[in-house]
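Trainee: One structure follows; several queries about it will come next.
The values are calculated or read from the model by the stated rules, or taken from the named source; none is laboratory data. What you are looking at is a predicted structure, and each value in this text was computed from that prediction instead of being measured. Here the Cβ positions follow ideal geometry from the backbone for every residue, glycine too, while neighbour counts run over all protein chains shown. Just the protein is used for accessible areas: all its heavy atoms, side chains included, with ligands, DNA and RNA removed. Shrake-Rupley method; radii C 1.70, N 1.55, O 1.52, S 1.80 Å.
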Amino acid sequence: MQVKAPRGTYDVLPPDSKKWQFIEQIIEETAHLFGYNEIRTPVFEHTELFERGVGETTDIVTKEMYTFQDKSNRSLTLRPEGTASCVRALVEHSVYGGVMPVKWYYSGPMFRYDRPQTGRYRQFHQFGVEAFGSHSPYLDAEIIMLLVQILHNLGLIDYELHLNSVGCPVCRETYRQILITHINPVKEKLCPDCQSRYEKNPLRVLDCKIEDCKQAITDFPFIFDHLCDNCKQHYNLVKSTLEAGGIHYLHDNNLVRGLDYYTNTAFEIHIPSIGAQSAVGGGGRYNGLVKACGGPDIPGIGFALGMERLLLALDGVPEYKEPYSSLDVFLAVLDDKYDVQAMQVLERLRTAKIMADRDYTGRSMKAQMKYADKLGARIVVLMGEDEVNRGFFTIRDMQSREQLEVKSEQIISAIKDILA
RNA sequence: GUGGGUGUAGCUCAGCUGGUUAGAGCACCAGAUUGUGGCUCUGGGGGCCGUGGGUUCGAGUCCCAUCAUCCACCCCA
């Protein structure tokens, strides 16, 4: 019985790995433009970090974590998301003691035990950014502008930006009370999930997708209408800044983030065309998180992008061309007695930053030409009896089909002329 | 965790109501005279028909289980 990749995981093989490199490069370049620098954290952490940092009532923590004991009986967990680790690192290294705000990005695999489907894997990849140490609504705006610019730089324009504010602990608590008094009379009509949400986190009832629940709550007040003056002003400044930047958003009263730590601004990017898992990115402000993780009372804000979902979305973009790899030079070696010299020639080419390759399977001359063609070689350099004995190379331009002979010493410059 | 669809060569699939050595296209490899590619032609290698049981004289084809995958719920990025 052959071993296969575990459920919900997959391999990225060469033509596709190019796509990954392509989008990773664009995303990182864009983050740099906004002044964000990379942080790399461990792929596993103490389980406790996620319990506190993500929230003990969330689905992620209660049923989706890859938790295991190591040989010293520590409880460790493969990271299900990236924010908690960033917060931990911020506190552990007292980074907040330096220049603020701290602006980081990260990228890498995350792990959630969930049932796989399109756009959802057990090992998936997120790119995320975090900014710590500023309450400014303009930083909220910057984060969203970065997210939007990444999408634009990738060529994605058919997205929806949903925006809401979930308030601060003070106004959220008042709203929570109001919400409970509204839910209580209709509690029996709600789905079982919502009935338990009602106990733990009544806000989540608002984004239930079940039709009966939607019906039951249609006349409920929105948190937006109960924000305190500070939160209201904060949200308005975020919105007006986005408007000034020409960024279109949809105010979404039902947008309530699933993770417990969010405060104020919350946002999501949806690309409906990629299927049911249409949330390509999402994030928001989390002013209480750093303190909850044992650090000082520092605000934070960030977002994460789902790489697999971005890839799905890019498949639907007509201008998006698959980057393909090609080759500058294929060296056709016509007799195996020149193998050693051939390796020296390759070394010279590669040292001169010319992408070069040859055959290693004993192909005939003709087969080597075919092979060179398949590799997308721009030039074939022939190395046979005549060439070696008389000290030159035959160079064939595969596009024009023209051939010329150049002296061995001039091979590099001759090739560079054709490539240029 | 729940419901439904699918599982035949590397890839996309065909295989009628169960019947002899399981097929095609693409891909791969080799030839079409002596050191030359993209087209064409010829030939070739490749399949425990997802896995394990069962029914039957006989199963890729029927039944059950299991695994994987896809679609949706759920959740989230």
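Trainee: Roughly how big is the range A:327-419's charge dipole about its Cα centre, with Cβ charges of +1 (Lys, Arg) and -1 (Asp, Glu), in debye to the nearest 20? Don't skip to the answer; put the middle values down first.
Mentor: Values: 15 positive and 16 negative charges, 55 e Å.
Value, rounded to 20: 260 debye.
Trainee: Shifting gears a bit: Could I get the Rg over Rh figure for chain A? Both from C-alpha atoms, Rh via Kirkwood, rounded to two places.
Mentor: 1.12
Trainee: May I ask you to evaluate 6.51 cos²θ - 1.76 cosθ + 1.60, the Karplus curve with θ = phi - 60°, for each residue of the range A:127-136 and list the ³J(HN,Hα) values in order in whole Hz, giving x for glycine and proline?
Mentor: Taking θ as phi minus 60°, the curve returns 10, x, 10, 9, 10, 10, x, 9, 8, 4 Hz for the range A:127-136.
Trainee: Is the C-alpha gyration tensor of the range A:61-127 telling us rounded, prolate or oblate? Criteria: a/c under 1.5 is rounded; beyond that, a/b larger than b/c is prolate, otherwise oblate.
Mentor: Since a/c reaches 1.5 but b/c is at least a/b, the shape of the range A:61-127 is classed as oblate.
Trainee: May I pose another question? Hey, what did chain A get for relative contact order, percent, Cα under 8 Å, at least 6 apart? If you can, show how the numbers build up before the last one.
Mentor: Working: 680 pairs, mean separation 63.6, N = 420.
Relative contact order for chain A comes out at 15 percent.
Trainee: Right, next: How many percent of the accessible area of chain A is carbon or sulfur, using a 1.4 Å probe?
Mentor: 50 percent
Trainee: Given an 8 Å cut-off on Cα distances and at least 6 residues of separation, report the relative contact order of the range A:327-419 as a percent.
Mentor: On the way: 133 pairs, mean separation 28.0, N = 93.
This gives 30 percent for the range A:327-419.
Trainee: Would you mind working out the accessible area per residue for chain A, using a 1.4 Å probe, and quoting it in Å²? List each step's numbers first, then the result.
Mentor: Working: 21580 Å² over 420 residues.
I get 51 Å² per residue for this part.
Trainee: Based on the alpha-carbon gyration tensor of the range A:327-419 and its eigenvalue square roots a ≥ b ≥ c, which shape applies: rounded if a/c is under 1.5, prolate if not and a/b is larger than b/c, or oblate? Don't jump to the answer; show the numbers that get you there.
Mentor: Working: a/c = 1.28, a/b = 1.05, b/c = 1.22.
Verdict is rounded for the range A:327-419.
Trainee: Once both labels are modelled 7 Å past Cα along the beta-carbon direction, what's the A:Leu13-A:Tyr360 spacing in nm?
Mentor: In this crude spin-label approximation the distance works out to 1.9 nm.
Trainee: Which length gain, in nm to one decimal place, applies between A:Ile180 and A:Gln69 when the Cα-Cα distance is subtracted from 0.36 nm times their residue separation?
Mentor: Stretched fully, the A:Ile180-A:Gln69 segment lengthens by 36.0 nm.
Trainee: Chymotrypsin sites (Phe, Trp or Tyr not before Pro), restricted to the range A:319-400: which are DSSP loop and have at most 10 other Cβ atoms within 10 Å?
Mentor: A:Tyr324, A:Tyr360
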